[in-house]
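Read-outs throughout are calculated quantities, based only on the coordinates presented, and are distinct from any laboratory measurement. Computed from a predicted structure; not experimentally measured. Ideal geometry is used to build each Cβ from the backbone, glycine not excepted, and the neighbour counts take in all protein chains shown.
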Amino acid sequence: MEVYPALLGVGYIVGPRIASYMFVGSLVGWMVIIPLICLFGADTWMYPAAAGTTIGQLYAEGGASAIWGSYVRYIGAGAIATGGIISLIKSLPLIVTTFRDSIKSMKGSKNTSGERTAQDLPMSIVLIGIAAMVVIIWLVPAIPVNILGALLIVVFGFFFATVSSRMVGLIGSSNNPVSGMAIATLLIATITIKATGDSGITGMMGAIAIGSVICIIAAIAGDTSQDLKTGFLLGATPKKQQIGELIGVVASGLAIGGVLYLLNAAWGYGGAEVPAPQATLMKMIVEGIMGGELPWNLVFIGVFLALGLEILRIPVMPFAIGLYLPIYLNTSIMVGGVVRLFMDGRKKVDEKTKERQATDGTLYCAGMIAGEGLVGILLAILAVFGVTMDLSGTVNLGNIGGIALMIVMILCLLKFSLWKKNKS
């Protein structure tokens, strides 16, 4: 178990149900699939392991983690892709309705009432901004997207932003199928770019850039929809909110870009410090399609596993994410879910008190997640300047120290939620 405050916080926030789905996904991967692979294929070589390295040798050199990294991760990738596509298929009726209503609203979007609460940014400014962004994406050398990729971004961006806004505004942010949209875009973009003959590094980077931009568009569209809905309930001016959203997106984009460059300079992506599982998943999909070397037998195991879960009406995405991520991450998330289960399941406590304490716990866990991110940035800055924080050579408390630290974190969480004193 990796003892991280952020993982404990995530488990508490998502709750015991989702945390358990993720944990069971890891259990199936590490306690069922990995033993089966080792049992029946110990003397077998199978791609993507190095040529001549049998599964038995791979296990002897790297343990269960090596088997997970070489095989199980592809099964999880297939399950995640299937879960994303399933979520899109389920949303098709709403997608069609949303697209039709959006086209109608664009034809008569002028504010004829003159009321402050009905003032929006002029559509001409919006269209000019979209055109400018497309040209920037096309021309800036740092973004390896040609004119075809820029057009794909316009089409998918308009389509998925509309869907995301409608679904989040009507149902809630938990129903925003960002993963499904990103994976679907990545698949279509990769196949389209490969069809044009660009199957090298440039084409791969272009496909990932397109998928990344669409993922960001869908996520921001859902967030903006929630903000505007809240502003409407409070009587805000939409035009001013929209200007604020644009400023916020530009500012956060610059900040996030700087942090990404900092992390890369400090440690590089794909290592122990910055494993980047989502980025690795995108890399696996793009490289596999472009190079024709994707281990489809493993991917389709994940596909049909996801279909079986869907037939049983078990949420596919949490299980698939648990299968794709290593078990030592999901274990800490499960611990957070168990703490939330304990708090929500107490007897002789009225629902209002439970709700207040759960909210306090959620705020504290959000602080743990943000705090761990800020500490990571601080460590990256120190690493860039050559300052090491490695204390492994001094005192190593091992597993006992990890358990003790987890207990301390749980007690702190309870202190600021369950045992918090009310000031009236």
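Just a few scattered comments:
- In this structure, the pairs whose alpha-carbon distance is over 24 Å, taken from Lys90/Lys240; Lys348/Lys421; Lys347/Lys415; Lys240/Lys352; Lys347/Lys420; Lys229/Lys420, are Lys90/Lys240; Lys240/Lys352; Lys229/Lys420.
- What the Cβ-Cβ distance of Thr388 and Phe300 gives, at R0 = 30 Å and to the nearest 0.05, is a FRET efficiency of 0.10.
- Based on C-alpha pairs under 8 angstrom that are at least 6 apart in sequence, the chain has a relative contact order of 35 percent.
- Global size of the range 123-231 as Cα Rg and Dmax, reported in angstrom: 14.6, 48
- FRET efficiency for Cys412 and Thr230, using Cβ-Cβ distance with R0 set to 41 Å, rounded to 0.05: 0.85
- Residue-by-residue Karplus 3J(HN,Hα) for the range 398-404, coefficients 6.51, -1.76, 1.60, Hz, glycine and proline x: x, 5, 4, x, x, 5, 4
- Label sites at Ser252 and Ala51, each approximated as a point 7 angstrom past Cα along Cα to Cβ, lie 4.7 nm apart.
- 5 angstrom amide H check on Gly270, placed H, neighbours 5+ away: Ala276
- Each Lys or Arg adds one and each Asp or Glu takes one away; over the other residues whose Cβ falls under 12 Å from the Cβ of Pro315, this sums to +2.
- Modelled FRET efficiency - R0 35 Å, Val126 with Ile201, Cβ distances, 0.05 increments: 0.50
- Estimated distance in nm for a label pair at Asn264 and Leu307, the labels positioned 7 Å out from Cα along Cα-to-Cβ: 3.9 nm
- Choice from Ala77, Ala320, Ala51 with maximal GNM fluctuation in the chain (Cα, 10 Å cutoff): Ala51
- Each residue of the range 284-299 was assigned a 3J(HN,Hα) from its phi angle through the Karplus curve 6.51 cos²θ - 1.76 cosθ + 1.60 (θ = phi - 60°); the sequence is 4, 5, 5, 4, x, 6, 5, x, x, 10, 5, x, 4, 4, 6, 4 Hz, with glycine and proline shown as x.
- GNM result for the chain, Cα springs below 10 Å: residue of Val154, Val299, Val387 fluctuating most strongly: Val387
- Taking 7 Å steps out from each Cα toward its Cβ at Trp419 and Leu36 produces label points 4.5 nm apart.
- Coupling constants for the range 211-216 follow from the phi torsions by the Karplus curve (6.51 cos²θ - 1.76 cosθ + 1.60, θ = phi - 60°), and in residue order they are x, 5, 4, 5, 4, 5 Hz; glycine and proline get x.
- Identified option (computed mean projected area of the Cα convex hull in nm²; candidates [x] 26.0; [y] 30.1; [z] 20.9): [x]
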